[in-house]
1. In the range 55-92, what residues are surrounded by 19 or more Cβ atoms within 10 Å (Cβ to Cβ) and in a helix (DSSP H, G or I)?
2. Quick one: is Lys52 of a type in the set (D, E, K, R) and either part of a strand (DSSP E or B) or buried (at least 21 other Cβ atoms within 10 Å of the Cβ) (or both)?
3. If I ask for residues that are in contact (Cβ under 8 Å) with a residue 24 or more places away in the chain and touching a strand residue (DSSP E or B) at 6+ places or on another chain (Cβ under 8 Å), which ones from the range 51-70 would you list?
4. Taking the range 283-330, which residues are acidic (Asp, Glu) and not in a loop (DSSP other than H, G, I, E, B)?
5. Going by the structure shown, is Ser280 assigned to a helix (DSSP H, G or I), modelled with pLDDT under 90 and either under 26 Å from Asp21 (Cα atoms) or assigned by TED's automatic domain parsing to the domain that holds Asp21 (or both)?
6. Against the definition (among the aliphatic types (A, V, I, L, M), farther than 17 Å from Ile73 by Cα, in contact with a Ser or Thr (Cβ under 6 Å, 6 or more places away or on another chain) and not in a loop (DSSP other than H, G, I, E, B)), how does Ala5 come out, yes or no?
7. Go through the residues of the range 194-210 one by one and say whether even a single one is at pLDDT below 95, among the charged types (D, E, K, R) and either surrounded by fewer than 17 Cβ atoms within 10 Å (Cβ to Cβ) or under 21 Å from Arg91 (Cα atoms) (or both).
8. What helices (runs of 4 or more DSSP H) lie completely within the range 331-430 and have 2 or more residues being within 26 Å of Phe242 (Cβ to Cβ) and free of Cβ contacts under 8 Å to residues at least 60 places away in the same chain?
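The values are calculated or read from the model by the stated rules, or taken from the named source; none is laboratory data. Treat the numbers as computed from the prediction; the structure is a model and nothing was measured. All Cβ positions, glycine included, derive from the backbone under ideal geometry; neighbour counts span all protein chains shown.
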Amino acid sequence: MPKIAYIGAGSTGFGKRFIADILQRPALADGTLTLMDINQEALDVMAALGQKIAGQLDVPTKVEATTDRCRAIEGADYVISTVLLHGLQARMVEHRIMQKYGVDQAVGCTSGPGGVFHALRYIPVMLDICQEMERLAPDGLFLHYANPTTIVPWALNVASKTKSIGLCHSVQGTAMQLAGYLGIPFEETGHWVAGVNHQAWFLRFEHKGKDLYPALREAMQKPEIYAKDMVRFEMMKYFGYFITESSYHNSEYVPYFRKNQELIARFAPKVGRWVNLLTSSESSAAERRAQLREEAFGDAPVKLEKSPEYCVEIMDAIETNVPYRFNGNVMNTGLITNLPYSCVEVPCLVDNMGIHPCYVGDLPPQCAALNRNRSAGDELCVQGALEGDRKKIEQAIALDPLTAAVCTLDQIHDMTEELFAADEQYLPMF
């Protein structure tokens, strides 16, 4: 009867998905689900929703809620985190500073100045959770979603003894997209993906044992398909392999697509919610919150689906000993042989003995070269965060390809200092 603690359970994106997934799996539903959030109103909604789903499914799960993180973690077999820190306001301030220096990041949560300072804001809180687990749930497994999902897991592995793994949905999400481009049911495809998070390579993509790359290159020639994923198709054209995460995100990880407004307009124009991220995110969150409240307190049954997220599948595989394979972000202990010791994203097998990262071997050299650059900057960011070393943070930003393409070193120094000043309240280690 496992105890699962869910930190950040008020999430309008992940919350219902994880609660419903847990309660639909008998090996997990026969235990305790402790929901935790600092937002009491959001927490009340998710607690009511969880209790309603448990009743609807007639499962014995004890669904409880608390704003006390230590109480949630105490005795937990699994701790999930989907915390959203500092809202979007901090990111908007960071973006305005970056744009002042010509660094027009698309999202800014993974690499470059935005990714580095995103990591600096998240690492202290994630380390606090790990330290609480060391004291209150020493045998627990920490399953966390926090960008950058290279830097944050790396820092946690260095600074804490807590068993943890960084998770993302860019691998299975990309596989679903590729299957859609080719008109093939996703369930019939197979993939073998490795690299670093948001920049992992589809080394194999197959349908019933047949290589799908020839069909994908053919599909790329269709304007309506190419237009959906221009950056990643260009990367495949020149580097030979398709890459994870969206084209909009990927445009900021390399120096080729965002050096000027003409390139941005051609390859990665703002569309949908990206046109006004703050306004659209607040609006969509309010809409989802209203829908969740209606589901939680209304008379209609809750609509249940199983999500493609790895998190719940991992816990279920450990409890049932039915093996499951997923892509996780772990330390590179010889898994990818032409990348340094760093945080890498590789296939992992999980069963009742735990998580077993899979050996990949060498990446194609051109793919490894791009990943090495990311890892070099990530290493400096991890060291800077854990040591309180501002110079290493500046050096991490200087290694970012997009920043280097548009800024001098003096400008990078000045921009970094402005970012430190803007985020001072979130950075206790400095």
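1. Selection gives Arg69, Ala72, Ile73, Arg91.
2. Numbers: of a type in the set (D, E, K, R): yes; either part of a strand (DSSP E or B) or buried (at least 21 other Cβ atoms within 10 Å of the Cβ) (or both): no.
Here the answer is no, as Lys52 does not meet what is asked.
3. Passing the criteria: Ala54, Thr61, Lys62, Val63, Glu64, Ala65, Thr66, Thr67, Asp68, Arg69.
4. Correct list: Glu287, Glu294, Glu295, Glu313, Asp316, Glu319.
5. no
6. No; evaluated as a whole, the condition is false for this residue.
7. yes
8. Values: elements: 365-387, 390-398, 401-406, 409-422.
Filter on the range 331-430 gives 365-387.
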